[in-house]
Amino acid sequence: MRLLSNQEKVDMDKYTIEDLKVPSIILMENAAQSVFNVIKKEIKKNDKILVLTGKGNNGGDGFALARILKIKSYNVELYKIYEPKTKDARKNSKLCKIYSVESVDSKNLNIEEYDVFIDAVFGTGFKGILEDRIQNVFNKINNSSGLEISIDIPSGISGDNNEISPNCFNADKTITFEYPVLAHCLYPGKKFVGKLFVEPIGLKYNKELKKEVLEEKDLYLKPLKYDVHKYSRGQVSVIDGIRKYSGATYLTLKAALKAGAGYVRLITDGENRFKNILFEIVIKNISSYEKIKLNSKIAKGILVAGPGMGRKSDKLTLLNKIFSDYKNLNLVLDADALYYFNDYYKKNIHNVIITPHLGEFSRMIDKNIEEIRENPIKIGSEFAAENNLTLILKSETTMIFSEDGRVAVNNFGNPYMATAGSGDVLTGIIAGLWANQSFKNFEIAKKAVGLHSLIGDYLYKNKIFNFTSSDIIDNISNVLKRFIDADGRFSNDC
Ligand SMILES: NC(=O)C1=CN([C@@H]2O[C@H](COP(=O)(O)OP(=O)(O)OC[C@H]3O[C@@H](n4cnc5c(N)ncnc54)[C@H](OP(=O)(O)O)[C@@H]3O)[C@@H](O)[C@H]2O)[C@@H](O)CC1
Ligand SMILES: Nc1ncnc2c1ncn2[C@@H]1O[C@H](COP(=O)(O)OP(=O)(O)O)[C@@H](O)[C@H]1O
Ligand SMILES: [K+]
């Protein structure tokens, strides 16, 4: 699903109304009707409903909704925070009078009387800080036991997620139209949105939109071809880690197998620490990392460096050699391999996916985390384009950036995924899917991030709250099966 900046949303409205000549009042009616369709499942006829309206078209949606509720015999009242100013809002305000929707004024307003609050005060174009009187009302509503519903966006939050007023409306549910904007999907705005509904109302766009929110339909995978063998099914090779962090390497190796690689090898200059626990792994012994030679099988597959790798100088030499002696490798670089990134990385040599968390990324680009959080889309997009790679920027809202300006935001997952080794598992899933599936980096990164988070959600829904990274691996198949359209047959085209 597309994800818009505030300006893109404004342009979309403008294009639909001015260029396509769709009457704005029809769009407003569609918006109000779609809000009604969502909330009718949540409200009862005897609930007392208060619709709070602002001066613009968000307020107009509120008037139209109040009228629909009244016609359908709901117990609804209006509280006009501002008088309506736009043409459509005024028209809908007049219709409220015709259908005898009652209004309450500030003197007679008693928040405790209401069961449901509908916030139609400000839309996504809000800037600055809410007036004190509005903050007071919202504060009371936020502390009440009523159901809080926002139309389009909780009032007091700017669509671009860069301005959030104190005491903004704190919604249980938000209904937005056509596509979400940044504040619906990224923190801190997302905290106030509650459950998000995205309803089509007939808005159209004529420009390319490069931002998206991951959906389950983006995660589909191809079933295996009937005549694959273990090598053609996909190979992953992982550079070994240091003893202290061998668990990280183990998690990556196992996740790569479980995500579908046919052949997973560990490239190591040491003993095989996994020989009694991970029987499927093949060991490729090398005399030293500094003299590493990659055979054609390794070079054809996916090469992973980082998990548990450590920061000794022989690993930096290895990474330097990989960038000077080879071309067109498929590389997943994570963790310690990112520590050295600026020392060895050269663009246009290999096909690269990197997976820093915010702390690692902050170090790589020499900007503090707060600075990145203020403008992650711009900073991430520029980095991916400048370095010609796919960037997976991990956080509570992981974002995936392509070299050509596309951005995918992951809204799956839950805080229980913040557990040691969770990122190592993600790296293994990326490598396993990339080896096994014929999609380009950006698509693979989207599928891997979505799958990893949905496994976390699957565990959470099954009330396995304090799950470990090993639990994530053990449930790859349980979630993966939703996305392979095997249908008892095998594919001929992957
Ligand atoms: N057009 C369409 O196609 C459709 C639109 N739809 C609906 O319309 C909504 C967008 O409409 P909108 O542009 O009228 O926005 P809305 O927030 O109601 O009013 C903006 C006003 O707020 C003001 N303002 C800003 N910050 C402020 C502050 N701190 N304190 C005080 N005032 C402040 C700002 O004033 P300004 O600063 O610009 O003078 C401006 O006057 C959208 O969210 C959706 O619900 C649907 O009907 C479907 C079809
Ligand atoms: N609060 C959170 N909500 C959802 N996912 C999270 C949260 N915190 C971390 N994650 C996910 O968990 C993983 C942690 O990765 P990382 O920080 O590399 O951990 P490790 O180094 O221990 O493997 C990432 O995929 C990240 O997106
Ligand atoms: K609103």
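The values are calculated or read from the model by the stated rules, or taken from the named source; none is laboratory data. Keep in mind the model is a prediction, meaning the values are calculated, not measured. Cβ atoms come from the backbone with ideal geometry, glycine included; neighbour counts cover every protein chain shown. For the accessible areas, the whole protein counts, side chains as well, though only heavy atoms, and no ligand, DNA or RNA atoms are used. Shrake-Rupley method; radii C 1.70, N 1.55, O 1.52, S 1.80 Å.
The table that follows gives values for the structure above.
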| item | result |
| --- | --- |
| Number of positions in segment 46-62 that are near ligand 3 (Cβ under 10 Å from one of its atoms) and under 16 Å from THR174 (Cα atoms) | 6 |
| Subset of segment 300-315 [farther than 19 Å from THR427 by Cβ and either in a loop (DSSP other than H, G, I, E, B) or open to solvent by less than 80 Å² (accessible area, probe 1.4 Å) (or both)] | LYS312, ASP314 |
| Set SER422, SER438: member being modelled with pLDDT under 95 and either closer than 30 Å to LEU224 by Cα or open to solvent by less than 10 Å² (accessible area, probe 1.4 Å) (or both) | SER438 |
| Residue that is farthest from ligand 3 (Cβ to nearest atom), among those in segment 123-141 that are in a loop (DSSP other than H, G, I, E, B) and touching a helix residue (DSSP H, G or I) at 6+ places or on another chain (Cβ under 6 Å) | THR124 |
| Index of the failed condition, GLY128 passing every other in (1) of a type outside the set (Ser, Thr, Tyr); (2) away from ligand 1 (no atom under 16 Å from the Cβ); (3) open to solvent by 10 Å² or more (accessible area, probe 1.4 Å) | (2) |
| Residue check, VAL213 within 16 Å of ligand 2 (Cβ to nearest atom) and open to solvent by less than 40 Å² (accessible area, probe 1.4 Å) | yes |
| Among the residues listed as GLY194, GLY202, the single one being among the small types (Gly, Ala, Ser) and within 18 Å of the chain's Cα centre (by Cα) | GLY194 |
| Cβ-Cβ under 8 Å pairs, at least 6 apart or on other chains, segment 17-43 side of a type in the set (D, E, K, R), far side modelled with pLDDT under 95 | ASP19/ASN206 |
| Count of residues meeting criterion [at pLDDT 90 or above, of a type in the set (Gly, Ala, Ser) and either surrounded by 16 or more Cβ atoms within 10 Å (Cβ to Cβ) or within 35 Å of the chain's Cα centre (by Cα) (or both)] in segment 245-297 | 8 |
| Residue check, LEU451 open to solvent by less than 20 Å² (accessible area, probe 1.4 Å), modelled with pLDDT of 95 or more and part of a helix (DSSP H, G or I) | yes |
| Some residue of segment 142-155 being part of a strand (DSSP E or B), within 13 Å of ligand 1 (Cβ to nearest atom) and either open to solvent by 10 Å² or more (accessible area, probe 1.4 Å) or without any contact (Cβ under 8 Å) to a residue 40 or more places away in the chain (or both) | no |
| Residue within segment 406-416 that is assigned by TED's automatic domain parsing to the domain that holds TYR245, assigned to a helix (DSSP H, G or I) and without any contact (Cβ under 8 Å) to a residue 24 or more places away in the chain present | yes |
| Selected residue (only one of GLU382, GLU370, GLU403 is open to solvent by 20 Å² or more (accessible area, probe 1.4 Å), over 25 Å from GLY421 (Cα atoms), part of a helix (DSSP H, G or I) and more than 16 Å from ligand 2 (Cβ to nearest atom)) | GLU382 |
| Failed item, numbered, when SER100 is tested on (1) within 35 Å of the chain's Cα centre (by Cα); (2) surrounded by fewer than 19 Cβ atoms within 10 Å (Cβ to Cβ); (3) not basic (Lys, Arg) | (1) |
| Residue match in segment 73-87 (condition: farther than 25 Å from GLU112 by Cα, open to solvent by 70 Å² or more (accessible area, probe 1.4 Å) and more than 10 Å from ligand 1 (Cβ to nearest atom)) | yes |
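For every residue, the table says whether it meets (1) assigned to a loop (DSSP other than H, G, I, E, B); (2) farther than 30 Å from VAL22 by Cβ.
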{"residue": "VAL198", "(1), (2)": "no, no"}
{"residue": "LEU209", "(1), (2)": "yes, no"}
{"residue": "PRO223", "(1), (2)": "yes, yes"}
{"residue": "VAL228", "(1), (2)": "yes, yes"}
{"residue": "ARG233", "(1), (2)": "yes, yes"}
{"residue": "LYS244", "(1), (2)": "no, yes"}
{"residue": "THR252", "(1), (2)": "no, yes"}
{"residue": "ALA255", "(1), (2)": "no, yes"}
